[in-house]
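Structure, as structure tokens:
Bear in mind these aren't lab numbers, they're just calculated from the coordinates by the rules spelled out. As the structure is a prediction and not an experimental result, all values here were calculated from the model. Neighbour counts run over all protein chains shown; Cβ positions are idealised from the backbone, glycine included.
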Amino acid sequence: MKKTLLILFSLFALTCALLGQKKEVLNLQQVDYKPMHFGFVLGLHTQDFSLQPSGVADANGVVWNGEVASPSPGFTVGMITDFRLSEYFSLRFIPTLNFGDRNITFAGFKDGVKVDSYTTNVLSTLVSLPFYLKYRSLRLNNYRPYLIVGAGPMFDLARKKDLDILLKPVDFCIEFGVGCDCYLPFFKLAPEFKMNIGFNNMIERDRPMIANEKNIKYTEAISRLTSRLFILTFNFE
């Protein structure tokens with residue numbers, strides 16, 4: 001976590017330094033003085049889990065340890081509502097829809113020897129409803145780097161109760177990241193990178209509708225499961 005924060009702030013400082021090196025014709029000089037404006041978001045993300053094993057053995061004495069296989073990219077789309085607070089701060093509400101999945105690979109150990117493995121897919125359609133506080137630096141020609149931090153609930157619309165791993169429907173997340181407003185002749189384009197961290201233990205243990213009752217061992221193998229997303233978006237405002 002500390003390393004991620006250090007990288008983000010280093011990129012923010014480096015961007016500020018590099019963008020102020022040359023003079024340009026200023027575009028959209030009044031856009032940041034609007035009390036409220038709107039936009040939309042398009043982007044990519046990867047979904048990840050942080051897993052803590054329970055160490056509980058199944059009926060055959062096998063202990064299963066789970067980890068997320070290489071995460072696959074997903075798609076993000078959303079809407080922006082921005083409220084100007086001051087020269088440097090704004091409050092933003094950005095509901096987004098995130099399509100993606102995660103593969104969890106379980107390795108089974110008995111007496112310290114690996115005896116089996118199993119991979120299952122967790123498909124998610126996540127609706128995120130975060131509020132953000134955005135801090136903008138001084139405008140440097142047609143660029144304005146910024147930092148952003150926010151929090152809000154996240155809802156999973158793709159839950160299927162017969163899958164091996166079932167997530168709870170609601171999570172609460174915080175997000176932080178960096179971006180840069182690029183002032184083009186007719187609109188602002190802002191590439192933005194954020195990290196989303198969930199706080200709730202998302203593993204659902206009440207599984208009366210699981211398709212294969214023997215696979216309840218994979219749920220029992222997880223003590224705590226929290227969600228993480230790494231999000232790269234392009235904001236059009």
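Sum up the charges of everything whose Cβ sits under 13 Å from the Cβ of F199, counting Lys and Arg as +1 and Asp and Glu as -1, but leave F199 out. Can you show the working numbers first?
Numbers: positive: K168, R224, R228; negative: D171, E175.
Net of charged neighbours comes to +1.
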**Prompt:** Do any trypsin sites (Lys or Arg not before Pro) in the range 179-237 lie in a DSSP loop with no more than 15 other beta carbon atoms within 10 Å, and if so, which?
**Reply:** R205
**Item:** Inter-label distance, nm, simple model (7 Å from Cα along the C-beta direction), T81/Q29
**Value:** 3.2
**Message:** What distance in nm lies between label points placed 7 Å from Cα along the C-beta direction at K214 and L97?
**Reply:** 3.9
